[in-house]
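Scroll down for the structure; my scribbles are underneath it.
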Amino acid sequence: DMNYRHNTYPCKIIGATIRAEALLARLLPAHKEQATRIARNAAQFLIDQSRPAGDPLAFFPPTYYKDLIASKRTENQNKTMTMEAASAGHAFLDLYDLTGDKAYYDRALGIADTYVRLQREDGSLPIKVDFVTGEPVNDACAMLHPLLRYFQRLKADYGVETYAEAQAEGERWMRDVAIRNFDMTGQFEDVTVLGLQPYENLTNCTAAPYAAYLLSKEAPSAEDMADAVDLARFSEDQFTFWDTPLTENGIKDKATPCVYEQYKYQKPVDNSACNVADAMLSLYEATSEEIYLAKGKALIDNITVVQNAVNGQIPTTWDFRPTKSDRNRTYWINCSYSSISSLLRLEKLLAERQK
């Protein structure tokens, strides 16, 4: 339905739709049949739009579709953001878990195989490529946390060891380049990467998820731990607002605590709050330091404050706007899925503390 214009970003939005419907089917049996049907239809759309077997980007669904919003920009036509196929891969795995249909699992593996072919000798991957030829648009490298999480899940949940070397090479590149230089670059489909300079568009959306990834390893090293702490501190220092001064009209212009998304889009976004909260909860689980739990809980608690009490919708942006603008507030399904996941994670963690 292109009346919901964010469907112009298939990997991100339609992939998240699949994941949200699969989650709904598991949590609420009364909705399972309809949710499963929606998820299957959405998955078929991604499959139909994906590159065919044998192509440089075999099994990758597109980042852009039709000519809406950023998809209509010349620089984005027939291009794709490299890391976004991992989002679709997770969606196919969720649907496989729900239905047992091996076709979804095989497609998820096909996406992983393409990533291995794209990976360079130094462990890096390009940030954005031609959707047909696979040729990079520039020299900018992708931040690899989505891919490393994907490889990690394939091993942990399905026992797939095939991608261990590629995962290790990606970790080395992240450590030796991204973290050593502390250039935690943004990779957003609606923000240009052309002419991107080092440190020009830093974001919590790289730093905080990578901190959580490092802490989720089977045996994080002391270096992993130190890097995770630094990345979480950076995300808090540069992007997190625990409170905000009153405006000249005597109100707060953002719902705090909140987290700004990136230098190029300085707005509080629910997905960013979840990124920082999840990193804090991961640090709490690794260290048992209560301050990390308190910070993560405060951010996730605020989801329930900003949530629409009538229809349950969680707004994507947490700033206060003029009435007309507020009515047209953007809503991103992928961000809502992140909020739901963070709420469920905190609920589980708090329940375990009470045992």
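The values are calculated or read from the model by the stated rules, or taken from the named source; none is laboratory data. Source: prediction; values computed, not measured. Reconstructed Cβ throughout: ideal geometry from the backbone, glycine too, with neighbour counts over all protein chains shown. Note: accessible area is taken over every heavy atom of the protein model, side chains too, but ligands, DNA and RNA are not part of it. Shrake-Rupley method; radii C 1.70, N 1.55, O 1.52, S 1.80 Å.
In debye to the nearest 20, how big a dipole does segment 156-211 give about its Cα centre with +1 on each Lys and Arg Cβ and -1 on each Asp and Glu Cβ?
The calculation lands at about 240 debye.
Go through Ser221, Ser50 and list them by solvent-accessible area, largest first, probe radius 1.4 Å.
Accessible-area ranking of Ser221, Ser50, largest first: Ser221, Ser50.
About the Cα centre of segment 46-116, how large is the charge dipole given +1 on each Lys and Arg Cβ and -1 on each Asp and Glu Cβ? Please answer in debye to the nearest 20.
280
Taking the Cα centre of each part, how many Å lie between segment 104-154 and segment 14-81?
17
Output the Kirkwood hydrodynamic radius of segment 130-257, Cα pairs only, in Å rounded to one decimal.
16.8
Please name which of Cys274, Thr17, Gln152 has its Cα lying farthest along the dipole of the chain towards the positive end, using unit charges on Cβ (Lys, Arg +1; Asp, Glu -1) and the Cα centre as origin.
Thr17
What helices does the chain have that are whole DSSP H segments, at least 20 Å long along their own axis by Cα, and with mean Kyte-Doolittle hydropathy of -0.5 or more?
85-99, 102-118, 222-239, 270-287, 290-306, 333-353
Per residue, how large is the accessible surface of segment 130-219? Use a 1.4 angstrom probe and give square angstrom.
For segment 130-219, the solvent-accessible area averages 42 Å² per residue.
Within the set of other residues whose C-beta is less than 12 Å from the C-beta of Pro146, count the net charge using Lys and Arg as +1 and Asp and Glu as -1.
Summing Lys/Arg as +1 and Asp/Glu as -1 gives +2.
When the solvent-accessible surface of protein heavy atoms is calculated with a 1.4 angstrom probe, in what order do Ile47, Ile291 fall, highest first?
Sorted by accessible area, descending: Ile291, Ile47.
Which pairs break 29 Å Cα to Cα here: Lys32/Lys355; Lys217/Lys295; Lys12/Lys297?
Cα-Cα > 29 Å for Lys32/Lys355; rest within.
Within the chain, what whole-number % of the accessible surface is contributed by carbon and sulfur, with the 1.4 Å probe and all protein chains included in the calculation?
49
Just one of (1) 20.1; (2) 18.7; (3) 30.8 is mean projected area of the Cα convex hull in nm² calculated from these coordinates, so which is it?
(2)
Between Asn311 and Glu75, what is 0.36 nm times their sequence separation minus the Cα-Cα distance? Round to one decimal in nm.
Full extension from Asn311 to Glu75 adds 81.2 nm.
Can you tell me the dipole magnitude for the chain around its Cα centre, using point charges on the Cβ only (Lys, Arg +1; Asp, Glu -1), in Debye to the nearest 20?
Computed about the Cα centre, the dipole is about 1140 debye.
How high is the FRET efficiency between Glu290 and Trp242 when r is their beta carbon distance and R₀ equals 25 Å, given to the nearest 0.05?
0.95
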